1. Looking at the stretch 143-196, which of the residues that are among the aliphatic types (A, V, I, L, M) and out of contact with any strand residue (DSSP E or B) (no Cβ under 8 Å at 6 or more places or on another chain) is farthest from GLN98 (Cα to Cα)?
2. Quickly run through the stretch 24-45 and pick out the residues that are of a type in the set (Asp, Glu) and under 20 Å from the mean Cα position of the chain (by Cα).
3. More than 23 Å from ASP307 (Cα to Cα) and either in contact with a strand residue (DSSP E or B) (Cβ under 9 Å, 6 or more places away or on another chain) or acidic (Asp, Glu) (or both): which single residue out of LEU87, LEU115, LEU140 fits that description?
4. Among residues belonging to the stretch 300-322 that are surrounded by fewer than 19 Cβ atoms within 10 Å (Cβ to Cβ) and touching a Pro at 6+ places or on another chain (Cβ under 8 Å), point out the one that is nearest to ASN101 (Cα to Cα).
5. Being surrounded by fewer than 16 Cβ atoms within 10 Å (Cβ to Cβ) and in a strand (DSSP E or B) is the filter here; which residues of the stretch 257-298 pass it?
6. Which condition number does LYS235 fail, the rest of (1) within 30 Å of ASP77 (Cβ to Cβ); (2) charged (D, E, K, R); (3) in contact with a strand residue (DSSP E or B) (Cβ under 7 Å, 6 or more places away or on another chain) being met?
7. Listed residues ALA125, ALA112; which is at negative phi, buried (at least 17 other Cβ atoms within 10 Å of the Cβ), touching a Lys or Arg at 6+ places or on another chain (Cβ under 9 Å) and among the small types (Gly, Ala, Ser)?
8. Which residues, counting only those in the stretch 240-294, are over 30 Å from ARG305 (Cβ atoms) and among the basic types (Lys, Arg)?
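Bear in mind these aren't lab numbers, they're just calculated from the coordinates by the rules spelled out. For clarity, every value in this text was computed on a predicted model and none was experimentally measured. Here the Cβ positions follow ideal geometry from the backbone for every residue, glycine too, while neighbour counts run over all protein chains shown.
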Amino acid sequence: MSERTERSEGREAMPGRHGMTTIDPGLTAEEEALLPSDEDVRHYAEHGWYLSKKLLTDDEVDELVAATDSYYAGERDRRLPVRPPKLAYWEPARGDVQRHNDYVHHEHDGIARILRKPLIGAVAARLARAVEIRIFQSTLIWKPPIAGEPSNIVPWHFDKHYWASSSSENMLTAFIPFHDCGEEMGTITMVDGSHRWREIGADDTVVRHFADRDRDQLEAMLAENAAYNGATIRKIPMVIPKGHMSFHHCRTYHGSGANVSGRPRRAISLHLQDGDNAWREYPLSDGTLAAYNHDVLVRRTHEGRPDYADPDYCPVIWRDRAQQGG
C-alpha cells in the first residue's frame, strides 16, 4: 500500500509531513440528524457517557474490518520512527491474548480514513462543547473468545490518569466495535456519573497503564472514591449495535469483562482531544515529569515543548467554522 493524499473539492487542507490532513467544512443534512441532541449533551454532562446513533455505515465498518485484517497481516503505510517507552503493540509472537495496538491511525491509511470521518469529530465536539476536535490516540483491540483469558479483563480505570501531561479536562474516547457488541462479548462498561467525583487516594502509580497495575488495588480505588463522594457504584454495560459507538469522558471510570460469545470482540478506542489541549508540565513525586508516548514523536513548539497539535500524529477531524467566525 502506498501513501495516499485525499483531497476533495470544498475541503480545507492542512500540510503535514506525511501528506495532507483534510477537514470537512460541514455535514450533510442526514449527518446533522445523527448529532447528539441537547438532551443527549445534558445526559453526557451528568452521566459521563453517551451511546451514539449509527455514525458508520455497514460498508464503512466492513472497510474497517478489512483494513484491520490487513494491518494484522503486517501491512503498514508508515511506521513510527522510534518506539515510545509505553507503546501498546501486539505482535503474533505474544499469542492469543487481548491485543492492543496504538497509533493505527498513523500507521495505516485505510484505518485512518474511517477514523477521521468528520461526523465522529462533530459528535465529540457537541459532547465536549468544543470548537475543534483532534485525534489524540487510536488503539486497535482484539479480545479473543477465551472466557478464562486473564488479559481479557480490563480493570476499573479512567483515561485522564494516563494523560496527566495533557492540559484539558474535556478529552473523551469513542469506543467503536466492528459488530454488534453486548455483555457476552465483554463490552465496555461505564461507572455512571463517576467523571463528576472528587478523587482521593491517588498517587503516582495512577499514571501507569492498567495492565501494569494491581487489579485489586484498582477495584479498591473505585470503591474508596465512590464512598468519599457518597455515590453508589452503578455499572452500565454499553450495548452497541454495528455502526454505532459509545463516547465517554476522560474521567469516567470504565472497564470490561470476559468475552464468552465464542467470537472475537474487535474494536478501536479512538481517544480524542479538544482544540485547547496542550502539553503541560506535571511533576511526579520522584522529580520527573509525567509523560505520554507522543512526547518522543511529535514536533516541538517554539518553547521546545511537545506539540499535541502535530497533524501527523494528532490530526484535526472536526473544526466548527461557525463558532470560529469563519
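1. Out of the qualifying residues, it is ALA164.
2. Of everything in the stretch 24-45, just one residue is of a type in the set (Asp, Glu) and under 20 Å from the mean Cα position of the chain (by Cα), namely ASP40.
3. Answer to the selection: LEU140.
4. If we take residues in the stretch 300-322 being surrounded by fewer than 19 Cβ atoms within 10 Å (Cβ to Cβ) and touching a Pro at 6+ places or on another chain (Cβ under 8 Å), then ARG300 is nearest to ASN101 (Cα to Cα).
5. PRO283, LEU289, listed by residue number.
6. Failed condition: (1).
7. Checking each option against the conditions leaves just ALA125.
8. Listed by number, the residues that qualify are LYS242, ARG263, ARG265, ARG266.
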